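Only one structure is covered here, and it is reproduced in the block below.
The values are calculated or read from the model by the stated rules, or taken from the named source; none is laboratory data. As the structure is a computational prediction, the values presented were derived from the model and not from experiment. With ideal geometry, Cβ positions are generated from the backbone for all residues, glycine too; neighbour counts draw on all protein chains shown. Note: areas computed on protein heavy atoms with side chains; ligands, DNA, RNA excluded. Shrake-Rupley method; radii C 1.70, N 1.55, O 1.52, S 1.80 Å.
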Amino acid sequence: MTDLTTEQINASSSEIMDVRNVVKRAIELNDYSYLLAKVPYSQFIGMSVERFGDEMVFKLPAKDDNIGNPILPAIHGGVIAGFMEMSAIVQLMVFMQAKKVPKIVDFSIDYLRAGLHQDTFAECKITRQGRRVANVSINCWQTNRKQLIATARAHFLIE
């Protein structure tokens, strides 16, 4: 076991401060690609986001690397779940102007139909419970918002 050096402790502190600055910059510029660029998984799956007033719409583009069933072809269920979870995290960070990345406590997903190999979208609704826990519901669709491919509910520990 090694002791932490002062440099490592300062680097850790600057990372915490960096989250706040990244979120603040994304909000000021209304450019959330800067925030998503800091998350390797969101880059890997090709995730993007657009904000329309108080609403954020997340996009998972059709990408061959995200295919789980090549016969249909359909997006891998884990990619859909990861996309929905990341959407909820980003939504929380932006609307609560997070100082730290929220920690997942619980995530429950219902797959309603196959996520075909086409652009996929998600939107989140936040219900804040107390000072430390946030509840987020996430809906995911492809061509029609009323025909969901998945719905999820997540609880996060905030600050």
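Summary of values
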| quantity | calculated |
| --- | --- |
| Residue list for the stretch 23-69, restricted to those being among the small types (Gly, Ala, Ser), without any contact (Cβ under 8 Å) to a residue 12 or more places away in the chain and assigned to a strand (DSSP E or B) | Gly68 |
| Index of the failed condition, Tyr41 passing every other in (1) loosely packed, with under 15 Cβ neighbours inside 10 Å; (2) aromatic (Phe, Trp, Tyr); (3) touching a Lys or Arg at 6+ places or on another chain (Cβ under 9 Å) | (3) |
| In the stretch 103-159, the residues that are open to solvent by less than 40 Å² (accessible area, probe 1.4 Å) and aromatic (Phe, Trp, Tyr) | Trp141, Phe156 |
| Selected residue [more than 21 Å from Tyr32 (Cβ to Cβ), modelled with pLDDT of 95 or more, out of contact with any strand residue (DSSP E or B) (no Cβ under 7 Å at 6 or more places or on another chain) and open to solvent by 10 Å² or more (accessible area, probe 1.4 Å)] from Gly78, Gly82 | Gly78 |
| Lys100 being in contact (Cβ under 8 Å) with a residue 12 or more places away in the chain, open to solvent by 50 Å² or more (accessible area, probe 1.4 Å) and at negative phi | yes |
